[in-house]
1. Only one residue in 55, 26 is without any contact (Cβ under 8 Å) to a residue 12 or more places away in the chain, more than 16 Å from the ligand (Cβ to nearest atom), out of contact with any strand residue (DSSP E or B) (no Cβ under 7 Å at 6 or more places or on another chain) and closer than 20 Å to residue 128 by Cα. Which one?
2. If you check every pair at least six apart or on different chains, which have Cβ atoms under 8 Å apart with a residue in the stretch 89-116 that is touching a residue at least 40 places away in the same chain (Cβ under 8 Å) and at negative phi first and a residue that is within 12 Å of the ligand (Cβ to nearest atom) and in a helix (DSSP H, G or I) second?
3. Can you find a residue that is modelled with pLDDT of 95 or more, under 30 Å from residue 68 (Cα atoms) and in contact with a strand residue (DSSP E or B) (Cβ under 9 Å, 6 or more places away or on another chain) anywhere in the stretch 109-131?
4. Among (1) more than 16 Å from the ligand (Cβ to nearest atom); (2) part of a loop (DSSP other than H, G, I, E, B); (3) surrounded by fewer than 13 Cβ atoms within 10 Å (Cβ to Cβ), there is one condition residue 181 misses while meeting the rest; what is its number?
5. Name every residue in the stretch 58-82 that is assigned to a loop (DSSP other than H, G, I, E, B) and either in contact with a helix residue (DSSP H, G or I) (Cβ under 6 Å, 6 or more places away or on another chain) or within 16 Å of the ligand (Cβ to nearest atom) (or both), in order of residue number.
6. From (1) touching a helix residue (DSSP H, G or I) at 6+ places or on another chain (Cβ under 7 Å); (2) surrounded by 14 or more Cβ atoms within 10 Å (Cβ to Cβ), pick out the condition that doesn't hold for residue 85.
7. Of the conditions (1) surrounded by fewer than 17 Cβ atoms within 10 Å (Cβ to Cβ); (2) under 19 Å from residue 78 (Cβ atoms), residue 134 satisfies every one except a single condition; which number is it?
8. In the stretch 157-178, what count of residues is obtained for those that are within 21 Å of residue 83 (Cβ to Cβ), assigned to a loop (DSSP other than H, G, I, E, B) and touching a residue at least 24 places away in the same chain (Cβ under 8 Å)?
Ligand code: IYR
């Protein structure tokens, strides 16, 4: 069995650009400076965003590593005003239950209080694009069978990280929005039962008067542990 599996393993040479470490560190610092300027945005302008920007961002996401290289993601993009409005109406209905209907547990409510969020999701009408990342729990194969996928959350999470990075590098803003629950996205986008909505990304330029919560990133000393400690 192992021998049979190995027969499918085909390798090709891999020799990426080699750069001196000084240049590598400089590039790393530049990337970090750029990444550190990213903020999640909830106040967008109506300034149009070309389709090519969406293509580039999804192509970047599509380079993500994935469990067994199963690439278990589908990104669905819309700039259709009536679809965006349907999404807004459905998301606000769910969020009204959360915020005003008492569905959010107190601890959760406290955790998000500093963000100042509420059930108003009007940005979903304003943004030029909404992209929803769907996770493929399994994938229909050409022979009609269903292939189970592995490490789906990890794989789609990494793809979404690359997607966010690509948008930011193009000067675009987004929000990792997870209207809760978001099953309504299955119907609106007519997705197969093998998929689950993962993250909804409103995409556009920040509004001129855009404000974001005054948050600090935790220091590297809390994010990074060097072992053993010297
Ligand atoms: N889904 C709600 C609540 C919410 C939850 C988390 I976790 C946040 O980081 C922010 C908001 C909403 O979108 O408002």
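1. Sole residue among the options that is without any contact (Cβ under 8 Å) to a residue 12 or more places away in the chain, more than 16 Å from the ligand (Cβ to nearest atom), out of contact with any strand residue (DSSP E or B) (no Cβ under 7 Å at 6 or more places or on another chain) and closer than 20 Å to residue 128 by Cα: 55.
2. What qualifies is 91/124.
3. Within the stretch 109-131, one or more residues are modelled with pLDDT of 95 or more, under 30 Å from residue 68 (Cα atoms) and in contact with a strand residue (DSSP E or B) (Cβ under 9 Å, 6 or more places away or on another chain).
4. Of the numbered conditions (1) more than 16 Å from the ligand (Cβ to nearest atom); (2) part of a loop (DSSP other than H, G, I, E, B); (3) surrounded by fewer than 13 Cβ atoms within 10 Å (Cβ to Cβ), the odd one out for residue 181 is (1).
5. Correct list: 64, 66, 72.
6. It is condition (2) that residue 85 fails.
7. The failed condition is (1).
8. 3
The values are calculated or read from the model by the stated rules, or taken from the named source; none is laboratory data. Note that the structure is a prediction, hence the values are computed from the model and not measured. Virtual Cβ from ideal backbone geometry, glycine too; neighbours counted across all protein chains shown.
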